[in-house]
Amino acid sequence: MDALLPTRRSVRNGVVIVGAGGHGKVVLDILRAAGKYKPIGFLDADPALTDSYVAGLPVLGSINTVTTLRRQRVRRALVAIGDNRTRAEYAAKLLEQGIELVNAIHPTAFVSPTATLGRNVVVAAKAAVGTEARLGDSVIVNTSAVVDHECDLGEAAHVCPAAALAGRVRVGRGAFIGAGARVIQCRTVGAYAIVGAGAVVIRDVLDETTVVGVPARPVRSGVRPTIYPVSVALPKLAAG
Ligand SMILES: CC(C)(COP(=O)(O)OP(=O)(O)OC[C@H]1O[C@@H](n2cnc3c(N)ncnc32)[C@H](O)[C@@H]1OP(=O)(O)O)[C@@H](O)C(=O)NCCC(=O)NCCS
């Protein structure tokens with residue numbers, strides 16, 4: 001791994017991407033397009049990926065490599081893990097270790113100057129975030145998604161590609177709004193709820209409830225969607 005570790009010169013504005021899967025590659029594209037930070041490598045739980053290249057960027061090791069990276073003066077990361085709970089968990093642990101979590105905003109996205117964004121937030125290509133919207137830490141507003149005026153998105157919520165939230169929608173922590181889904185104005189989608197792809201939400205959705213269809217109706221409670229295939233379980237992050 002040492003051969004792939006960044007040199008001090010490459011670390012200025014350097015950022016590591018945690019998660020070398022599909023979402024990690026999306027985030028890499030965004031960071032490259034935005035140009036503010038220099039992606040210097042991925043960290044990934046799959047040991048088979050260490051020392052390989054993903055989308056032209058080296059995989060430096062597992063999440064525990066962050067301790068080594070800190071010694072190399074790498075101070076920034078972005079957790080690009082699709083699973084909402086895991087993303088929030090890793091983001092919290094990296095913060096505890098003194099790592100700065102940065103945002104990735106694609107240059108073709110519109111983010112209102114009156115919107116407020118937490119840390120570790122991703123706004124992908126052609127997405128729109130309207131006036132006075134509030135995005136919590138680790139939120140993903142994916143490709144071509146719309147988060148309209150005064151929406152409030154809890155930590156690690158994910159608005160999938162082409163989904164749209166009308167004005168003043170509240171989305172709870174860890175909730176998942178599937179691809180192409182719609183939520184009409186002023187509704188609440190509860191924490192860890194799942195809105196199926198293409199659904200149209202016209203009534204509030206309770207916490208941890210899955211709804212599908214037009215209009216959206218509950219199908220079950222407590223399931224978690226697989227949004228990007230994860231081949232191996234993610235390890236615990238070493239303390240300190
Ligand atoms: C809602 C969802 C999470 C349910 O997945 P699941 O727990 O595996 O559920 P199942 O596939 O067993 O489906 C359960 C029932 O809901 C129906 N259903 C599932 N997804 C549906 C959808 N999006 N729209 C309408 N009906 C749907 C199924 O037909 C099934 O109905 P049945 O019991 O009458 O046969 C999933 O289908 C979905 O829509 N995921 C969103 C994917 C997405 O947007 N990915 C973007 C990644 S960035």
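Take the alpha carbon gyration tensor of the chain, find the square roots of its eigenvalues, order them as a ≥ b ≥ c, and report rounded if a/c is under 1.5; if not, report prolate when a/b exceeds b/c, else oblate.
Prolate shape, in that a/c is at least 1.5 and a/b is the bigger ratio.
Restricting to region 104-220, compute how many DSSP beta bridges are antiparallel as a %, nearest 5.
The antiparallel proportion sits near 10 percent.
Taking 0.36 nm per residue of separation and subtracting the Cα-Cα distance, what length does fully extending ALA55 through VAL214 add?
53.5 nm
Is the shape of region 100-181 best called rounded, prolate or oblate, per the rule: a/c under 1.5 gives rounded, else a/b larger than b/c gives prolate, else oblate, with a ≥ b ≥ c the square roots of the Cα gyration tensor eigenvalues?
The shape class here is rounded.
If contacts are Cα pairs under 8 angstrom and at least 6 residues apart, what is the relative contact order of the chain in percent? Intermediate values should be presented prior to the final figure.
Numbers: 674 pairs, mean separation 29.1, N = 240.
Averaging sequence separation for qualifying contacts and normalising by length gives 12 percent for the chain.
For n ≥ 4 DSSP H runs only, could you compute -39500 (n - 2.57) per run for the chain, divide by its residues and tell me the 222 nm figure to the nearest 500?
On the way: 3 runs with 32 residues, N = 240.
That comes out to -4000 deg cm²/dmol.
So, in nm, how far is label ASN64 from label ASN13 when the simple model puts each one 7 Å beyond its Cα toward the Cβ?
The modelled label-to-label distance comes out at 3.4 nm.
I want the antiparallel fraction of DSSP beta bridges within region 2-101, as a percent rounded to 5.
Close to 15 percent.
Would region 2-101 count as rounded, prolate or oblate if I go by the C-alpha gyration tensor, calling it rounded below 1.5 in a/c and otherwise prolate when a/b exceeds b/c, oblate otherwise?
Details: a/c = 1.18, a/b = 1.10, b/c = 1.08.
Rounded is the answer for region 2-101, as its axis ratio a/c remains below 1.5.
Need the C-alpha centroid separation for region 135-210 versus region 14-72, integer Å.
28
Specify the angular offset, from 0 to 90 degrees and rounded to the nearest 10, of the alpha carbon long axis of helix 84-96 from the longest principal axis of the alpha carbons in the chain.
Result, in degrees: 40.
Could you name the aspartates and glutamates whose alpha carbon sits less than 18 Å from that of LYS93, not counting residues in the same chain fewer than 8 places away?
Answer for LYS93, where 18 Å is the Cα cut-off: ASP44, ASP83, ASP137, GLU155, listed by chain and number.
Using the alpha-carbon atoms, what tilt in degrees (0 to 90, nearest 10) does helix 22-34 show relative to the longest principal axis of the chain?
Approximately 80 degrees, to the nearest 10.
Each value in this text was obtained by applying a stated rule to the coordinates, not by laboratory testing. Everything quoted here is computed from the prediction, not taken from an experiment. Neighbour counts are summed over all protein chains in view; Cβ atoms, including those assigned to glycine, are modelled from backbone coordinates with ideal geometry.
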